[in-house]
Structures are given as C-alpha cells and as structure tokens.
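Q: Got a structure for you, written out below as structure tokens; questions coming shortly.
The values are calculated or read from the model by the stated rules, or taken from the named source; none is laboratory data. Since the model is a prediction, treat every value here as computed from it, not as a measurement. With ideal geometry, Cβ positions are generated from the backbone for all residues, glycine too; neighbour counts draw on all protein chains shown. Side chains are part of the model used for accessible areas, which takes the heavy atoms of the whole protein and leaves out ligands, DNA and RNA. Shrake-Rupley method; radii C 1.70, N 1.55, O 1.52, S 1.80 Å.
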Amino acid sequence: MSEYILEMKDISKSFPGVKALDKVSLKLRPGTVHALMGENGAGKSTLMKCLFGVYSMDEGRIFYNGEYVRIANPFDALRKGIAMVHQELQPIPERSIAENIFCGRYPAKLPGVVDHARMNAETAEVLKKVGLDPEPERKLGTLSVSQIQLVEIARAVSVGARIVIMDEPTSSLTSSEVSKLFGIIDSLREEGVAIIYISHKMDEILRISNDVTIMRDGQYIGTWPAGELTTDLIITRMVGRQMTNLFPRKENTPGETVLEVENYTSINPKSFRGISFNLRKGEILGVSGLVGAQRTELMEGLFGLRASVSGAIIYKGVKFKCSRPKDAIDHGIALLTEDRRRTGIFGVLSVADNISVASINKFHKYKLMIDGKKINELVEANVKKLSIKTPGIRTLIQSLSGGNQQKVIVSRWLANDPDVFIMDEPTRGIDVGAKYEIYCIIADLAKQGKSILMISSEMGELIGMADRIMVMCDGRVTGFVEGDEMNEETIMELATRFETEDEKYA
Amino acid sequence: MLEAVKGVQGKKVINFLLNNAIIILLVAISIVVGILRPSFFSTLTASNLMRNTAARFIIALGVSGCLITRGTDLSAGRSVGLAACIAATFMQRSDYASKVYPNMGDVNILLVLLGVVLVAVMFGAINGTVISFLNVPPFIATLGMQTIIYGICLVFTGAQPIGGFREVYTNVASGSLFGITVLPYLAIISAVCGVIMWFVYNKTAHGKYLYAIGGNENAAEVNGINTRRTKIIIYATAGAMYGLAGFLLGGKAGGTSVNLGWGYELEAIAGCTIGGVSTNGGVGRVSGILVGVLVFELLRIAMQFMGVEPSYTYIVQGLVIVLAVAVDMRKYVAKK
C-alpha cells in the first residue's frame, strides 16, 4: 500500500490552439481533503475531467493505490471508486431521486428488471446520511438547487467512492447547508475517503483542507500543507506572474459619458442586481469576477437577451428600453458573445455570410434583392483590414481557427458601425499569438472613439487592456479599480467579497 | 512512399464518389436501363419523368425552407389535397351532371389558382405562428395541422370525389408549350418555381436569414434577426407551394378526392434529404432538391421498364432514402 491513494504524474492536455494542462501533478493522501486552487482557466476543471475520464489526456500517467490505471470514461471512473460532484450538475430532473442516484447501475432482481424496492431503500438510507428527507421517489426537479447538490453528494457516497471530486460544491449552498456539507466531508474523511476540493472561497479552504495544490495557467505551482498557508499567500501564488509586454500601447483618451446604467436588476433574483456604472467615449471598461458572478448575464441583459425588472439604461443622455437585441443594435451597441460556438458563429455558413448577416439590410438593391457585389466588397475589405486568415470568403467559418472566427465576428459588428462594443471573453479559446492581434483590434477601436466593455476571466488581460475595471461578485458590483489599484490582489479581494447571511437578508 | 500517395489518391476518389453518390446513381441507372431497354431513351420517357416530378418538386421546395430551419411540415400533403379539391370544385364543366354547385358559372382559372394559393398560405402562416409564438415544436404543430386540414377537406367535399373539369384546367396539366413533348406546361411552371426559390434563397435578405436561423438560431437572435417573422414567412411560402401543387395535381388527375396528396409530405421530405438538405439545419440547395426528387421518379420509371413488380419499388426507395442520408452525414461526422 503506497502512501498516496492517487498520484497523477505529468498530465498534459491540449485543446485546439490552447495548452490547457502542462505536466501537472497531484498526489492525494487517503482520508484527507485536498484543495485544488487557481484562477478561472488555470486548468483545475480540466485536470479533474481527465481524472474522471471525461477528457482523454495527451500525456501523463495516473496511479491509483500505487497501480498504473487507465480511466476510459466516467462510468469506468465510478466503477474504480472515483466520483465527481459536478460544477455544472447534469441530473435528470424528470426522474426520481433514486433513479438519479442509481443511474447506470440499477440493482436488478432478474437480469434487466430493476429492483425498485431495494433501490428506494438504499436511496432513503443515503439521503438520511447527507441530511435530506428520505423521499427516494420524489422527482428530482422539484428539489432546490442546493438540495440537488446534496443529492449529487449522496450519489458519490452511495457508490462507495474512495475518491470524491467536489467542484465548487458550495456555490449554491446557504451557510447552514455548508456546515452540513462539512459534516459529511468530515465523516467521509474518517472513513478514509480522499476528497479533492475545488473552491474559490479562501475561508472554506483554510477551514477544511489538509493539503493545498495551486495551479496557474495550466501549470503546477506547488503543494503545501494548509496549516502553512494564509489567504494572502494563496492569492499571491495563484496570480503572481511576470507581466511582460503582452499588450499593445494604449493611445485612447476617454471622453464624455456615452452609456449610463442605473440600478439595473434582473428578473431572476439570483442573477445581477442593483448594477450601476457608466462608460465613456473611447474608454475600455474591464469587467472582472469569478464564475457565477453574473457578468455574462448582465451583458446579455443590457443587450435585450434577458429581462430586467428595474433600473435604466441611458444612452447618450436618452433613456431607452432594450427588450430585444434589435433595439440594442439599432442604438449602435454590439455584443461579442462569450460562447462563440453557441451564439456567435454560423458554423455551416461561409465567412462572407457570417460577416454580412447583421448588416444585410444595408445592402439592398431594387428593394427586393441584396447587392452581392457590395457585400463582397465589404467582406474583402474586412478580411484585409483585420487580416483574417481564410482560404477564401466562401470558406465555411467552422474550418477557421478560433482567433480568425473571432475576427470574423468582430468585423460582422464593425459593418454596423457601433459606438459601444460589449466583448464577453474576447480571447477565450484563442492561442497566444492571435490574442495579441485581438488586443490590437480592441485598442484600435478605443482609439477611434468606440467605447468598450470588456469581460474577461483572465485578470492579466484586463489589467493590461482596461482603463478601469468593474469587479462583480455574486450578481453585484463590489467595486471599481483604476490606476495603481488595478492589481490582481485588489481585484481578487473584491471578486471574493461574498455577501454574508446578514447582508443578504438586510 | 508510392503506396502512401496511392492511398491518398484512393481516398480522394472514394470521397468524390461518395460526395456525388446521388448524381452518379442517376446517371448509372439511366445508362444501365438505356442499354438493356433501348426504348428508355425517348421523348416520351422524358416527358413522363418531367410531368410526374413537376408537382413533387414544387412541394419539396416548400418543405425545404422548413427543413433548413430545423423544422418540418407534415401538413404539406393534406394542404395539397385540400387545394386540389377546392380548385376542382370551381373548375367543373357547367354541363357536368353531378356538379357540386350546379348554378355557378365558369370562374376565371387564374382567380381559382389565386384563391387556392391564398387558402394554403393562410394555413402555412398559422403553422408558422404556432411554431414561433406558442413554441410548439414544428413536428407537432404541423402534425395537428395535417389532421385539421384533412377534416376541413372532408367537410368541404362531403367525402365525394369531384370530376368533370373544364378543358382549360385539364389542359394545364396535359398540354405542352407549342405542342412540343419535352416542354410540358407542368415542367415549365415547376422550373419557374425552382428559379424563384433559388432567387429567394440566394439573393434576398430573407434567404440569408433562413440559412442563418437554420445554422444557429441563438446566434441569429443575437444578431437582431426577427426569427419569428422569418419563420412565419417560411411556412406561409411553403403553403403557397402546396396550393400551386394541389391546383396542378387536380388537373393532372382529371378528378380529385380527399385522398389526393396523402403521404406527399414524406415523399417531399425524403426528396429534400436525398438532395442534401441537412436536417441539422442551415444546409440545402435548390439544385440538390431537384436531384433528390428526380432520383425517386427515375427509380420508379426505370424499374417499370425493367419489368419489376411495382411493389418492390417501395423497398428500393426506402433503402435509397436511408443510404443517401447516411452518405451525407459522413461529411458532418468527419468534421467533429
């Protein structure tokens, strides 16, 4: 029996254009809680997905109880005794709690016939263990988000897992539920179960973990006993990186206020609330925050994709109601969405169609038909101006690299000549070289007097590009930083300023 | 080294064959049957092929818009039937014994055409509205409409067959331009529809929106496209096509009943998918649809010439549908 229940050695994993993990290692002792920390995009979730068999790794080896193992898929992982409580839960809401817990391993009396009595009895037992009412036949979808999270944990317990991965398990729990969770974690620990715990909340980490491993930019920084660490030390190790000349020189000069947002509040009480800020002409306003800070939701709200219940948008001194994207577009606002595949590109259409789709009404000929020649001119001009690398303008956009796809979408909006550019994670999934080109485009737009709202999970990028940074935490704006205050420590402190229970109900 | 080059070239050849499988199949069928039965290559065969494909092509054009936007239209066949029955009622000879409205005079044929098209457009617009505003999945919305239209048709005709058409009506279906066998009116009307739809799909903003919605509806919305209005126009346009096709088929058959048009929607969907319209959305060309529809009819005629019992035709057609789509899906799977 080796000292470690799990050893991950030199794990590497690349996605097209990005090296997500670069020789990362992790050693897990049985009966301990091992915290895994790092900024968004540091590679924590990717590493865990490699362990759980969701991704196949490019390089590296996994030793489980000292033996070299290959984990082919999540089912394989579960069978070996590795369970994961997911950041984005993927349950089946229309089926019962019991069926969710036993999904894929239903107990059977006869081959193929599910033994419901046994399944329900075992579910009731494990539900009691995690402090939920023993209602195995209740439809999962009728539970609250935090209860569903506890069901996921119950599932991990019921498979008899020796390793439980918890990815942000407390993100939707109240503080009393959190203490209950910690109780469960303690009892698991006593049974010799090892827990990998991913969270951004420093106090939680310091409270329950034995060891802490820190990652940064897909690399392993180090592992320390939790007792030797403080919040400051963790933050410094998480973010501390040498900033070289990664960004273009800024030549923009912010002018008068273009966009004012006052007390903007979502229809969803868990989303953004009471948001106020203003954006000046030629300014790059960065927006920072952790996963779940509701930054994207806010931007989609401003663009008319999500409903608000109160607050106002004042654009160039005039209040305007934005109930659908067309309203925003007509006012000269553009949105570069976060998820390029889902809401950005039209994969099966050509580069030309992708560039012209939002401005097609400007190219009418004889009222009825569109002026193909003028559109081609527009497309050719943009391909040249933003140096989009494509074999031709009729090439399908899905065959271009991420960076070039992003440039296509930027030129799509440029054709509408917007004044305000909302850019949600403009460099996500783009390789380093292309990132610089996108930065140059952004800097150039600001220089031309366009106002830019730039959301990014990479703090370095915001500090390098923005004139000011607005920091959000859990649906609220927790502060603005500019000048010397624009450093990672200050931003991180604001981004983790969660409301206490008292504030929530104040 | 040489082996490797051969391998690459072999792959290229295979890809070329698979990517153009349908056209190759069309040509191969024609050549084989033409050699075995020399009478196959005749103006009569060509004319038959064109007459029988004309209405199917028009219906397939209508359905294609729905398919490209990841929808479908199961009410197509019944719309065609209703349009045919309405047209038939107004195109009966005044001296015909069992005339539905004995006292009605001769109505202008163009007026009748306009009327049935408008009725079909109305049903299409209702489909589009239900799909856009009530968020009913297209499969269900048009399934309901299919049944409703059939019921309306039963009520309207009293389940009685309608016959005894004026010559001006039957002539549209049986006649040909300047009396030339290979220029039947049906084919010309059908070709005009093809050209119009090609223009709409490729040269208008509406066409660009259609492909954009099919390619990525979420992104279309973000880009300010009025997806609801566009979808209503698509389903209404489809209705117009069914109305016209029904009008033509009534005249072609020389008599109509409520059963006319039954199952045509499935044949149209099959024709579209064989012709490369992707059910994943955003992909489809008018030329492909024409080829898809032609394959069906050509298979039928070819098997007739070879003396195969008609019942077997269905088995072969079914196989072609599945194989054609399987070959087409290769392209998308390979890209992941």
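Q: Do we have any residue at all in the range B:67-83 that's at positive phi, within 22 Å of the chain's Cα centre (by Cα) and not acidic (Asp, Glu)? Let's see the steps before the verdict.
A: So in the range B:67-83, the residues at positive phi come out as B:70.
With within 22 Å of the chain's Cα centre (by Cα) added as a condition, the list becomes B:70.
Right, trim to not acidic (Asp, Glu) and you get B:70.
Yes, some residue in the range B:67-83 is at positive phi, within 22 Å of the chain's Cα centre (by Cα) and not acidic (Asp, Glu).
Q: Tell me yes or no: at least one residue of the range B:150-173 is within 30 Å of residue A:364 (Cα to Cα) and open to solvent by less than 20 Å² (accessible area, probe 1.4 Å).
A: No, that holds for no residue.
Q: Something else: So, in the range A:366-386, exactly how many residues are hydrophobic (A, V, I, L, M, F, W, C) and open to solvent by 20 Å² or more (accessible area, probe 1.4 Å)? Walk me through it before giving the result.
A: Here is the first cut: in the range A:366-386, the residues hydrophobic (A, V, I, L, M, F, W, C) are A:368-370, A:375, A:378-379, A:381, A:383, A:386.
From the residues that got through so far, the ones that are open to solvent by 20 Å² or more (accessible area, probe 1.4 Å) too are A:368-369, A:378, A:381, A:383.
Number satisfying all stated conditions: 5.
Q: For the range B:1-117, which fully contained helices (runs of 4 or more DSSP H) count at least 1 residues that are in contact with a Ser or Thr (Cβ under 8 Å, 6 or more places away or on another chain)?
A: Working: elements: B:2-19, B:21-36, B:43-68, B:76-90.
Per the criteria, B:43-68, B:76-90.
Q: Which of (1) open to solvent by 50 Å² or more (accessible area, probe 1.4 Å); (2) more than 14 Å from chain A (Cβ to nearest Cβ); (3) more than 22 Å from the chain's Cα centre (by Cα) does residue B:143 not meet, given it meets every other one?
A: Against the list (1) open to solvent by 50 Å² or more (accessible area, probe 1.4 Å); (2) more than 14 Å from chain A (Cβ to nearest Cβ); (3) more than 22 Å from the chain's Cα centre (by Cα), residue B:143 comes up short only on (3).
Q: Are there any helices (runs of 4 or more DSSP H) wholly within the range A:363-466 with 2 or more residues that are under 30 Å from residue A:277 (Cβ atoms) and within 25 Å of the chain's Cα centre (by Cα), and if so which? Before the answer, list the steps.
A: Details: elements: A:372-385, A:402-414, A:432-447, A:459-465.
By residue number, A:402-414, A:432-447, A:459-465.
Q: Of everything in the range A:132-160, what is in contact (Cβ under 8 Å) with a residue 12 or more places away in the chain and surrounded by fewer than 16 Cβ atoms within 10 Å (Cβ to Cβ)? Give them in sequence order.
A: In the first step, residues of the range A:132-160 are kept if they are in contact (Cβ under 8 Å) with a residue 12 or more places away in the chain; the result is A:132, A:135-141, A:143, A:145-160.
A:137, A:139, A:141, A:145, A:160, listed by residue number.
Q: To continue, here is another question. Show the residue pairs that are 6+ apart or on different chains and have beta-carbon atoms under 6 Å apart, the first residue being within the range A:346-360 and without any contact (Cβ under 8 Å) to a residue 40 or more places away in the chain, the second being part of a helix (DSSP H, G or I) and among the small types (Gly, Ala, Ser).
A: A:360/B:205
Q: Still on this structure, please answer the following. Identify the single condition in (1) open to solvent by 60 Å² or more (accessible area, probe 1.4 Å); (2) more than 12 Å from the chain's Cα centre (by Cα) that residue B:290 does not satisfy, given that it satisfies every other one.
A: (2)
Q: Open to solvent by 10 Å² or more (accessible area, probe 1.4 Å) and touching a residue at least 12 places away in the same chain (Cβ under 8 Å): is that true of residue A:309 in this structure?
A: So residue A:309 passes the test.
Q: Quick check on residue A:305: is it out of contact with any strand residue (DSSP E or B) (no Cβ under 6 Å at 6 or more places or on another chain), assigned to a loop (DSSP other than H, G, I, E, B) and away from chain B (no Cβ under 14 Å)?
A: Values: out of contact with any strand residue (DSSP E or B) (no Cβ under 6 Å at 6 or more places or on another chain): yes; assigned to a loop (DSSP other than H, G, I, E, B): yes; away from chain B (no Cβ under 14 Å): no.
No.
Q: Right, next: Taking the residues in the range B:218-231 that are open to solvent by less than 40 Å² (accessible area, probe 1.4 Å) and assigned to a helix (DSSP H, G or I) as candidates, determine which candidate is farthest from residue B:75 (Cα to Cα).
A: Looking only at the range B:218-231, we keep the residues that are open to solvent by less than 40 Å² (accessible area, probe 1.4 Å), and these are B:219-220, B:222-225, B:227, B:230-231.
Still in the list and also assigned to a helix (DSSP H, G or I): B:219-220, B:222, B:227, B:230-231.
Values: B:219: 29, B:220: 26, B:222: 31, B:227: 21, B:230: 19, B:231: 16 Å.
Only one residue fits best here, namely B:222.
Q: Follow-up. Step by step: first the residues of the range A:384-422, then only those that are among the hydroxyl-bearing types (Ser, Thr, Tyr) and touching a Leu at 6+ places or on another chain (Cβ under 7 Å), then the one that is farthest from the other protein chains (Cβ to nearest Cβ). Which residue is that? Explain how you work it out, then say what you get.
A: Step one: list which residues in the range A:384-422 are among the hydroxyl-bearing types (Ser, Thr, Tyr), which gives A:387, A:390, A:395, A:399, A:401, A:411.
Going one step further and asking which of them are touching a Leu at 6+ places or on another chain (Cβ under 7 Å), we end up with A:390, A:411.
Details: A:390: 16, A:411: 13 Å.
Among residues in the range A:384-422 that are among the hydroxyl-bearing types (Ser, Thr, Tyr) and touching a Leu at 6+ places or on another chain (Cβ under 7 Å), the one farthest from the other protein chains (Cβ to nearest Cβ) is A:390.
Q: Pairs only if they're at least six apart or on different chains, beta carbon under 7 angstrom, first in the range A:318-345 and under 27 Å from residue A:427 (Cβ atoms) and at the interface with chain B (Cβ under 7 Å from one of its Cβ atoms), second of a type in the set (Asp, Glu) and buried (at least 23 other Cβ atoms within 10 Å of the Cβ); list them, first residue then second.
A: A:337/A:424
Q: So if I check each of A:279, A:298, A:285, A:349, which one is more than 22 Å from the chain's Cα centre (by Cα) and open to solvent by less than 10 Å² (accessible area, probe 1.4 Å)? Step through it out loud before you land on a result.
A: On the way: A:298 fails: more than 22 Å from the chain's Cα centre (by Cα); A:285 fails: more than 22 Å from the chain's Cα centre (by Cα); A:349 fails: open to solvent by less than 10 Å² (accessible area, probe 1.4 Å).
Among A:279, A:298, A:285, A:349, only A:279 is more than 22 Å from the chain's Cα centre (by Cα) and open to solvent by less than 10 Å² (accessible area, probe 1.4 Å).
Q: A further question on this structure: List the residue pairs whose Cβ atoms are under 9 Å apart, where the first residue sits in the range B:224-242 and is touching a residue at least 24 places away in the same chain (Cβ under 8 Å), the second is surrounded by fewer than 21 Cβ atoms within 10 Å (Cβ to Cβ) and aromatic (Phe, Trp, Tyr), and the two are 6 or more positions apart or on different chains.
A: Note: pairs meeting the criteria are B:228/B:133; B:232/B:133.
Q: Then there's this: Tell me, please, whether a residue that is part of a helix (DSSP H, G or I), away from chain B (no Cβ under 14 Å) and not acidic (Asp, Glu) can be found in the range A:295-302.
A: Taking every residue of the range A:295-302 in turn, at least one turns out to be part of a helix (DSSP H, G or I), away from chain B (no Cβ under 14 Å) and not acidic (Asp, Glu).
Q: Right, next: Modelled with pLDDT under 90, of a type in the set (Lys, Arg), open to solvent by 20 Å² or more (accessible area, probe 1.4 Å) and touching a helix residue (DSSP H, G or I) at 6+ places or on another chain (Cβ under 9 Å): is that true of residue A:389 in this structure? Even if it seems obvious, please write down each step before you answer.
A: Details: modelled with pLDDT under 90: yes; of a type in the set (Lys, Arg): yes; open to solvent by 20 Å² or more (accessible area, probe 1.4 Å): yes; touching a helix residue (DSSP H, G or I) at 6+ places or on another chain (Cβ under 9 Å): yes.
Criteria met by residue A:389.
Q: Mind telling me which of the residues A:111, A:93 ends up being outside any helix (DSSP H, G or I) and either under 28 Å from the mean Cα position of the chain (by Cα) or surrounded by 18 or more Cβ atoms within 10 Å (Cβ to Cβ) (or both)?
A: Values: A:111 fails: either under 28 Å from the mean Cα position of the chain (by Cα) or surrounded by 18 or more Cβ atoms within 10 Å (Cβ to Cβ) (or both).
Only one candidate passes the filter, namely A:93.
Q: Pairs only if they're at least six apart or on different chains, beta carbon under 6 angstrom, first in the range B:263-290 and more than 14 Å from chain A (Cβ to nearest Cβ) and part of a helix (DSSP H, G or I), second crowded, with 23+ Cβ neighbours inside 10 Å and of a type in the set (S, T, N, Q); list them, first residue then second.
A: B:272/B:64; B:289/B:64
Q: Hey, does the range B:168-190 have a residue that's at pLDDT 90 or above, touching a Phe, Trp or Tyr at 6+ places or on another chain (Cβ under 8 Å) and either more than 25 Å from residue A:305 (Cα to Cα) or not aromatic (Phe, Trp, Tyr) (or both)?
A: yes
Q: Identify, from the list A:84, A:48, the residue that is touching a residue at least 40 places away in the same chain (Cβ under 8 Å), in a strand (DSSP E or B) and within 18 Å of residue A:161 (Cα to Cα).
A: On the way: A:48 fails: in a strand (DSSP E or B).
Testing whether each residue is touching a residue at least 40 places away in the same chain (Cβ under 8 Å), in a strand (DSSP E or B) and within 18 Å of residue A:161 (Cα to Cα) leaves just A:84.
Q: Could you identify the single residue in A:274, A:282 that is more than 9 Å from every other protein chain (Cβ to nearest Cβ), in contact (Cβ under 8 Å) with a residue 24 or more places away in the chain and either more than 23 Å from residue A:427 (Cβ to Cβ) or in contact with a Cys (Cβ under 8 Å, 6 or more places away or on another chain) (or both)? Lay out the reasoning, then the answer.
A: Details: A:282 fails: either more than 23 Å from residue A:427 (Cβ to Cβ) or in contact with a Cys (Cβ under 8 Å, 6 or more places away or on another chain) (or both).
It is A:274.
Q: What single numbered condition from (1) more than 7 Å from chain B (Cβ to nearest Cβ); (2) of a type outside the set (A, V, I, L, M); (3) touching a Leu at 6+ places or on another chain (Cβ under 8 Å) fails to hold for residue A:362?
A: (3)
Q: Condition check: open to solvent by less than 10 Å² (accessible area, probe 1.4 Å) and facing chain A (nearest Cβ under 7 Å). Does residue B:238 satisfy that? Spell out how you get there, then give the answer.
A: Numbers: open to solvent by less than 10 Å² (accessible area, probe 1.4 Å): yes; facing chain A (nearest Cβ under 7 Å): no.
It is false that residue B:238 is open to solvent by less than 10 Å² (accessible area, probe 1.4 Å) and facing chain A (nearest Cβ under 7 Å).
Q: Restricting to the range B:216-235, name every residue that is among the charged types (D, E, K, R) and more than 14 Å from chain A (Cβ to nearest Cβ).
A: Just the residues of the range B:216-235 that are among the charged types (D, E, K, R), to begin with: B:217, B:221, B:228-229, B:231.
Within the range B:216-235, just B:231 meets the criteria.
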